[in-house]
Amino acid sequence: MANSPTIGILAPHRSNACLRALHQLLECCGQRGMHARELGKSCADAEWPDIVVCLGGDGTILSAVEQAARHGSIIAGVNMGHLGFLSACGCEQVEELTEALATAAYRVEQRSMLQVTPSGLNPTTAEESHLALNEVALMRAQTGKMIDVDVELDGTLLNRYHADGVLVATPTGSTAYSLSAGGPLLWPTAKVMCLTPICPHSLTNRSVVLPEDVEITLHPRERRGRVGESLIYSTDGQATHTIPLNAALTIRKAPVNLHLLFLPGSDYATRLRAKLGW
């Protein structure tokens, strides 16, 4: 990376606090000789910056992770929301953040991601892969309905789950949807992923922690003659896609990581205590 990194600022929420932080960032970066600009809402700029500063909560960061990971950009979150597990700092630390960016006095963690690829779709539908930082969740499109899903690990059947859904989470995502579904807390740099049924019908169905190099295949199965119904899968709760019963999802560790920025002195144990009220 160049000595003076290019900075892109993502500020989708136009609240007064967010706009103040945006203007402060632009001013502070300019004073320190760094080129900073606001990114468009779609984050689809052809030339991505070296560092993307996200103003908002974890959802704002998650909206940018796929493009950032594909472009090799570093993400720095300024928490304007609630938990902010992924954030580097709060809005009151904008000057401290810009000083760290100018002097490269920050730490970057490599966070593993998931790649999900559908198969068996309509021949006219492109089978495009998507990336997720937190989790991939498979659920029925109709609320209140349970689903049957066969889960295979490297081609071997693990279980047929009768549940509201099934999700596969990264260690980073273990504090998100997976935690709400009863999954374990995982250290963010652990080389594992976690398979968790969502409200399973059987009390013996529990989360399973798996090595990160395993390939997981989810096969939705027809249940009680519900022919023609479809399911949905989501990536990080951001994008939702439809999948028919005769299709499948293959989930594996993505070939790219997310580069996540933290300020000096930040550690995960302290963050857990603060965010979870321990």
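Taking region 246-267 only, how many residues are among the small types (Gly, Ala, Ser), under 19 Å from Gln110 (Cβ atoms) and assigned to a strand (DSSP E or B)?
The qualifying residues number 1.
Based on what the data block shows, is Val53 of a type in the set (A, V, I, L, M, F, W, C), surrounded by fewer than 20 Cβ atoms within 10 Å (Cβ to Cβ), at pLDDT 95 or above and closer than 26 Å to Thr170 by Cα?
no
Got a sec? Which of Thr172, Thr189 is assigned by TED's automatic domain parsing to the domain that holds His241, modelled with pLDDT under 95, of a type in the set (Val, Ile, Thr) and under 23 Å from Leu260 (Cβ atoms)?
Thr189
Under 6 Å between Cβ atoms, at least 6 apart or on separate chains: pull out the pairs that start in region 196-225 with a residue that is in contact (Cβ under 8 Å) with a residue 40 or more places away in the chain and assigned by TED's automatic domain parsing to the domain that holds Gly155 and end on any residue that is surrounded by 12 or more Cβ atoms within 10 Å (Cβ to Cβ) and polar (S, T, N, Q).
These pairs meet every condition: Thr217/Thr250.
How do the strands (runs of 3 or more DSSP E) wholly within region 1-103 filter down when requiring 1 or more residues that are more than 20 Å from the chain's Cα centre (by Cα): which remain?
By residue number, 7-10, 36-38.
Cβ-Cβ below 8 Å, separation at least six or inter-chain, first residue in region 75-89 and at positive phi, second acidic (Asp, Glu): which pairs?
Gly84/Asp58
Under the condition of being of a type outside the set (Val, Ile, Thr) and surrounded by 15 or more Cβ atoms within 10 Å (Cβ to Cβ), which residue from region 96-110 is nearest to Pro171 (Cα to Cα)?
Of everything passing the filter in region 96-110, Glu109 is nearest to Pro171 (Cα to Cα).
Would you mind telling me which numbered condition in (1) under 23 Å from Pro264 (Cβ atoms); (2) buried (at least 18 other Cβ atoms within 10 Å of the Cβ); (3) at pLDDT below 90 Val78 fails?
Of the numbered conditions (1) under 23 Å from Pro264 (Cβ atoms); (2) buried (at least 18 other Cβ atoms within 10 Å of the Cβ); (3) at pLDDT below 90, the odd one out for Val78 is (3).
Does region 217-239 contain at least one residue that is in a loop (DSSP other than H, G, I, E, B), surrounded by fewer than 23 Cβ atoms within 10 Å (Cβ to Cβ), modelled with pLDDT of 95 or more and not hydrophobic (A, V, I, L, M, F, W, C)?
Within region 217-239 (the criterion being in a loop (DSSP other than H, G, I, E, B), surrounded by fewer than 23 Cβ atoms within 10 Å (Cβ to Cβ), modelled with pLDDT of 95 or more and not hydrophobic (A, V, I, L, M, F, W, C)), the answer is no, since none of the residues qualifies.
The values are calculated or read from the model by the stated rules, or taken from the named source; none is laboratory data. Model, not experiment: these values are computed from the prediction. Every residue, glycine among them, receives a Cβ derived from its backbone with ideal geometry; neighbour counts consider all protein chains shown.
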